[in-house]
Each structure stands twice: as structure tokens, then as C-alpha cells.
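Here, each number is a calculation from the coordinates, and none is a lab measurement. The structure displayed is predicted, hence computed values, not measured ones. Positions of Cβ are backbone-derived with ideal geometry, glycine not excepted, and every protein chain shown enters the neighbour counts.
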Amino acid sequence: MNINNRIRKFIKEKNISFREFAEKTGMSESNVRLSKNYGSDKLGRIIKAFPELNIIWLITGEGDMLINNEPKKISINNISGLYPAFGQKNNELIECQKKIIQLQDEIRKLEKDLFKLKLEKNNIFTQLENK
């Protein structure tokens, strides 16, 4: 099966006419029906007009005709069951998140201490100026 045959199959699957396909792609209807040569320009127009069409299938016939664009839903908490490497990386990520929280707490404490020291310094300078 060549590209032209796969385009015909796609048109039939989409339940559209050659004319509709041609209008959406900016090609002539006769070009869609008869063309044997599909360069990057024509393929680009086809994919732009029909993003659900799998370009690999169109060119080679391999894979599915249509691309499933639904996002896969994977919970970060359930990822460890998929592959051991993912589980390990998930554990590392959790440990890093804990460390970040600890460091943020330490930064807040140090900022408070710095503020107190600045107040003490200002009080000392004020006392020295008053003497």
C-alpha cells in the first residue's frame, strides 16, 4: 500500500470527501486523487490539517493510522510499581523534596537570627551615640 492508498483509507475512515480533504490541505482534488509523489510540503500540509493522522503510518504504513492524544494519567505515588528504576527515582525525588523543606526551614531560622542581630547592632550603635 502506498501513501495515496493510505490517504484514501484515511479519507474513508474520517468519512469525508476528497474535496473536503483537498480544501483542508490546500491541495487540488485531482492532486489528492492522483498524486504518487508526496514531498515534505504536501505531507506538512496534510499533518497540519489533520494532526490526528500518524505521519509514520502515512509514510510507511507502520503503526496506527490515528494518534491517540489523550494524556496518560500516572500518579506520582503509583509510579514505583511500574518499573523499579522509576520507583528508585521516585524515592530519590521524595527525599530531595524533604531536604528542600528542611533547608527552607533553616533559611527562615537564619533570616530571623540575622534580623535579631541587626536589631542588636542598631541598639548598640544607638547606645554608643547617646554616650
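Annotations
- Modelled spin labels at Asp41 and Arg108, positioned 7 Å past Cα toward Cβ, are 6.3 nm from each other.
- Along the range 58-64 the Karplus relation, 6.51 cos²θ - 1.76 cosθ + 1.60 evaluated at θ = phi - 60°, assigns HN-Hα couplings of 4, 7, 10, x, 8, x, 8 Hz to successive residues, with x for each Gly and Pro.
- Gain in span if fully extended, Asn5 to Ile55, counting 0.36 nm per residue against the direct Cα distance: 16.6 nm
- Linear extension gain, Lys14 paired with Leu117, 0.36 nm per residue minus alpha-carbon span: 29.8 nm
- Counted residue by residue at 0.36 nm each, then reduced by the alpha carbon distance between them, the extension gain from Ile124 to Glu23 reaches 28.1 nm.
- Between the amide H of Leu66 and those of Asn54, distances stay under 5 Å, these residues lying 5 or more places away or on another chain, with hydrogens modeled in the peptide plane.
- Cross-link check: pairs Lys42/Lys89; Lys89/Lys109; Lys98/Lys118 evaluated at a Cα-Cα cut-off of 32 Å; pairs beyond the cut-off: Lys42/Lys89.
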